[in-house]
1. Nearest 500 deg cm²/dmol is fine: what mean residue ellipticity at 222 nm does chain B get from its DSSP H runs of n ≥ 4 alone, each adding -39,500 (n - 2.57), divided by its residue count?
2. Just order A:10-19, A:39-48 by mean Cβ neighbour count inside 10 Å, highest at the front, would you?
3. Nothing charged except the Cβ atoms of Lys and Arg (+1) and of Asp and Glu (-1): what's the magnitude of the dipole of the range B:7-53 about its Cα centre? Round to the nearest 20 debye.
4. Cα gyration tensor of chain B, axes a ≥ b ≥ c as square roots of the eigenvalues: rounded (a/c below 1.5), prolate (a/b > b/c) or oblate?
5. Of the listed peptides A:54-61, B:241-248, A:65-72, what is their order by residue-averaged count of other C-beta atoms within 10 Å, with the highest listed first?
6. Taking each residue in A:49-57, count the Cβ atoms of any other chain within 10 Å of its Cβ, then average. What number comes out?
7. Roughly how big is the range B:110-192's charge dipole about its Cα centre, with Cβ charges of +1 (Lys, Arg) and -1 (Asp, Glu), in debye to the nearest 20?
8. Projecting each Cα onto the charge dipole of chain B (Lys/Arg +1, Asp/Glu -1 at the beta carbon, about the Cα centre), which of B:L43, B:S22, B:Y78 comes out farthest on the positive side?
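Rule-based calculations on the coordinates, nothing more; no lab input. Source: prediction; values computed, not measured. Neighbour counts run over all protein chains shown; Cβ positions are idealised from the backbone, glycine included.
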Amino acid sequence: MTVEITVTVNGTAHTATVEPRLLLVHFLRDVLDLTGTHVGCDTSQCGACTVHLNEDAVKSCTVFAVQADGTEVTTIEGLADGESYTPVQQGFWDEHGLQCGFCTPGMIMTAEWLLKQNPDPSEAEIRAGLAGNYCRCTGYQNIVNAIGAAAKAGR
Amino acid sequence: MVTSNFDYFAPTTLDEATSLLSRYRGEAKVLAGGHSLIPMMKLRLAEPTVLVDIGKIDGLSYVREDGDGVAIGSMTTYRELETSSLVKSRYPLLADAASKVADLQVRNRGTIGGSLAHSDPAGDLPAVVLAIGGSVVARTRRSSREISIDRFQVDLLTTALHDNEIITEIKLPALPSGTGTAYSKFHNPASHYAITGVAAVITVSGGTCTEARIAVTGAGDKATRARRTERILKGKELTPAVIRRAASRAAAEVQDTLNDDIFASAEYRTHLTQVHAQRAIEEAAAAAG
């Protein structure tokens, strides 16, 4: 069986015919060529594949593309307006919130969602909010600083 | 990882969904939030040939007063539970347990109905709902029935649901005045699944424990009432000695099915069950009365 789906990704509607078992992350990467969303653990734990699905941060390795039919998805590619970064992106730049960068798209998508829920989080709240995003380089300190800086800049 | 192939249906009404389940009885699985089922399908531990996605059906996501109690729609997410003022005020342990499930992204998708239907031995909500009491409302194409939560969890990943039934609602009873609740859990640091979790709902009247429902998850093959613990608590003043003695029996009911894996040995799980039973009972007792 194949299913025709229409998903609005970063403001543009995309229609495609897919196998039901195609994961959202593979739809984004392989069908739409939006490779900013990464596949890390592929087991719903590391958060590298985090995107926004109808404004909720979700792990796109644990959603079938067919489930996203009719929804709006935002990926890391949908954040910046040309050269103009969001406060979270700018925070990661200014605070050097990455080393290898593999986890960064997921970190940023989670952070964007966190700050929408709570624009003024404490350090403990930022750390708790990142429970579903793993970084194997930085020890998290600069990531937490980056999100703190973004919160400050957004206020 | 890629799941096996399956046919996919996304009905927009419960009638359509239950008809599909009847038509593909034995082959179809219900897809709710997908955060238990999809990982199992990726590992090929589950290979349903038909998925009926109930995520496009309106009206299955709510928390509302229902007589003296509260009714929760089966597609209500963990995130909605942890932020619901009604859940926080009426069943604080349910809001707390929901906030301890996995991580924010998982909590944005995972649902109470999915958690109960999947009956993961390390899931949090099966134990919490078991401690609160109440029932699961399940519907087929033709009829609807209420299944007492005490009869719902049957075995490892197995419930009393028939394969043509969909959970539509969870009904929770009003807790009597003087009731305190708590959920205490030791989690796997990566998945946040419960290595052991203990839910306690305790009613104290005139200094004496009049009712106690204690449920253990993570330790055995399914969420299980710790009835020996409950019996020790009931009718007594909840002194530290009574609580200690009750907690020491918390693993008794799961002794025969104790999990023993790379995360924790059976012996360690027994110990953790006692520790977290003590914490949950102490916290619930302190909030009771």
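1. -8500 deg cm²/dmol
2. Order by mean packing, descending: A:39-48, A:10-19.
3. In total the dipole reaches around 200 debye.
4. It comes out prolate by the Cα gyration axes.
5. Result, highest mean Cβ count within 10 Å first: A:54-61, A:65-72, B:241-248.
6. Mean shielding count: 3.
7. Here the size comes out at about 240 debye.
8. Of the listed residues, the answer is B:Y78.
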